[in-house]
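The structure appears below as structure tokens.
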Ligand SMILES: Nc1ncnc2c1ncn2[C@@H]1O[C@H](COP(=O)(O)OP(=O)(O)OP(=O)(O)O)[C@@H](O)[C@H]1O
Ligand SMILES: [Mg+2]
């Protein structure tokens with residue numbers, strides 16, 4: 001009964017249980033605050049700062065493309081002149097800068113975390129930590145989770161600005177829309193809460209990315225093939241969970 | 001002293017360890033020998049608590065490790081050093097940072113004292129000139145030596161070595177074996193060493209248990225090993241021609257008592 005078409009139907013439930021058991025170990029007081037802070041700063045740099053480049057690049061392009069799509073497909077003579085700017089801003093703020101950005105980062109950061117921790121597992125570095133009496137889950141995972149949760153809102157802010165810059169860039173370069181119209185639309189009925197909602201969502205997504213991919217890495221069994229599988233699995237799971245969380249959070253924050 | 005009382009361990013219904021009893025004394029190099037796949041690593045993992053036995057007791061100075069609270073286990077683990085089959089150095093850290101890591105986590109010393117202690121341990125394994133290298137830049141033997149330095153950084157009471165000289169040439173193996181033996185005697189540690197290297201067995205085998213297919217088949221010292229009658233053990237030891245010749249000479253000498 002446990003197996004249907006060769007698929008273990010209880011596996012996801014067991015995995016979820018294991019995930020929460022691990023997180024129980026992760027959220028414990030760090031053994032050495034000094035060591036923890038060092039790791040925390042290191043992770044902020046390696047997970048956050050190193051992603052700024054890709055965030056800026058993608059955001060500029062997406063901002064430009066959204067603006068262009070709006071200009072080409074939404075405008076018509078009887079649409080108000082702020083339509084393009086307004087819709088571009090809303091899409092950037094509400095969905096792109098947090099959810100889509102985090103989906104992309106789930107690929108970059110998630111795979112990175114899963115393979116790093118997975119490699120430590122298969123080369124027995126995690127066993128070495130355990131033998132020393134170190135709480136390996138807390139030592140390895142907590143700085144990553146908190147580091148990414150700290151950096152993600154900052155990345156989102158960078159993303160928003162880069163997106164807006166991208167929109168203006170196409171405006172100046174191609175002249176599809178007059179820049180002052182775009183500017184007017186961008187400022188039309190601006191609701192600050194949308195920015196906050198985006199930042200709040202991104203913190204949750206950061207938690208999902210860091211903890212889920214760390215979970216897959218931490219529980220690798222076998223060799224390098226298993227590490228590879230763990231990093232793909234983690235990206236898939238993170239993406240699905242982010243989309244699901246987006247649904248729930250949007251309802252909670254905007255509804 | 002570490003004692004094992006009838007340890008059993010199975011994976012998915014396949015028995016890997018069957019009724020293992022043993023005593024490992026302090027100040028001695030205790031060897032666990034056996035063929036590849038006989039269950040040495042699994043036994044060691046059971047002793048250090050990386051795996052939990054299905055049945056049986058692991059006693060550290062008479063206290064049952066398995067029933068200890070998490071805090072007690074943690075405290076005991078700070079008394080343990082382990083050298084893994086693949087060295088298991090932290091590859092995101094330099095050699096010095098690797099050796100300093102246990103000190104960073106658990107010692108109350110000042111930074112300067114921690115560095116001094118780490119350098120002392122690295123000097124002990126003759127690696128002072130590799131301090132700033134990354135583990136990836138070291139040879140296998142050097143990695144093992146860094147692992148030894150890291151394991152002894154906190155002055156442990158118990159030292160565990162899983163095949164400390166697998167993949168090393170005979171000369172380097174000898175250096176590592178002697179290092180482990182010297183450290184053990186120097187600090188009166190309880191050392192347990194997994195090996196299938198006959199050179200180590202004859203070199204540092206002060207107390208040996210032989211495991212075959214998860215069962216303890218024989219125990220003794222390096223001096224009795226040539227006289228052992230256990231069939232499995234003889235198959236294991238005399239797999240090489242060289243040792244067979246050594247045994248023949250050994251028996252020959254016996255038959256002709258010195259005049
Ligand atoms: N986690 C595990 N799950 C299932 N089986 C395992 C596991 N670990 C070890 N085994 C099995 O236990 C047996 C003993 O393995 P072990 O690693 O202890 O051998 P070993 O004596 O250390 O060999 P070697 O000298 O090659 O290191 C092997 O048959 C192995 O397949
Ligand atoms: Mg082994």
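Per-structure values
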| read-out | value |
| --- | --- |
| Sequence of A:193, A:172 once ranked by neighbouring C-beta atoms within 10 Å, starting from the fewest | A:172, A:193 |
| Whether the stretch B:93-155 is rounded, prolate or oblate, judged on the alpha carbon gyration tensor where a/c under 1.5 counts as rounded | prolate |
| Mean residue ellipticity (222 nm) of the protein assembly as shown, computed from DSSP H runs ≥ 4 via -39,500 (n - 2.57), nearest 500 | -18500 deg cm²/dmol |
| Nitroxide proxy distance, nm - points 7 Å out along Cα→Cβ at residue B:120 and residue A:251 | 6.3 |
| Cα→Cβ-extended label distance, 7 Å offset, between residue A:54 and residue B:71, nm | 4.4 |
| Crossing angle, helix B:111-124 versus chain B [Cα axis fit, 0-90 degrees, rounded to tens] | 30 |
| 0 to 90° range, to nearest 10: angle between helix A:52-73 axis and chain A longest Cα axis | 40 |
| Separation between Cα centres of the stretch B:200-259 and the stretch A:128-192, rounded to whole Å | 68 |
| Cα gyration tensor category, rounded, prolate or oblate, for chain B with a/c compared to 1.5 | oblate |
| Ascending count of other beta-carbon atoms within 10 Å, so fewest first, for B:163, A:31 | A:31, B:163 |
| Footprinting exposure proxy for A:173, A:60, A:84, A:26 (fewest neighbouring C-beta atoms within 10 Å first) | A:173, A:60, A:26, A:84 |
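Where a number appears in this text, it was derived from the coordinates with a stated rule and is not lab data. Source: prediction; values computed, not measured. Cβ atoms come from the backbone with ideal geometry, glycine included; neighbour counts cover every protein chain shown.
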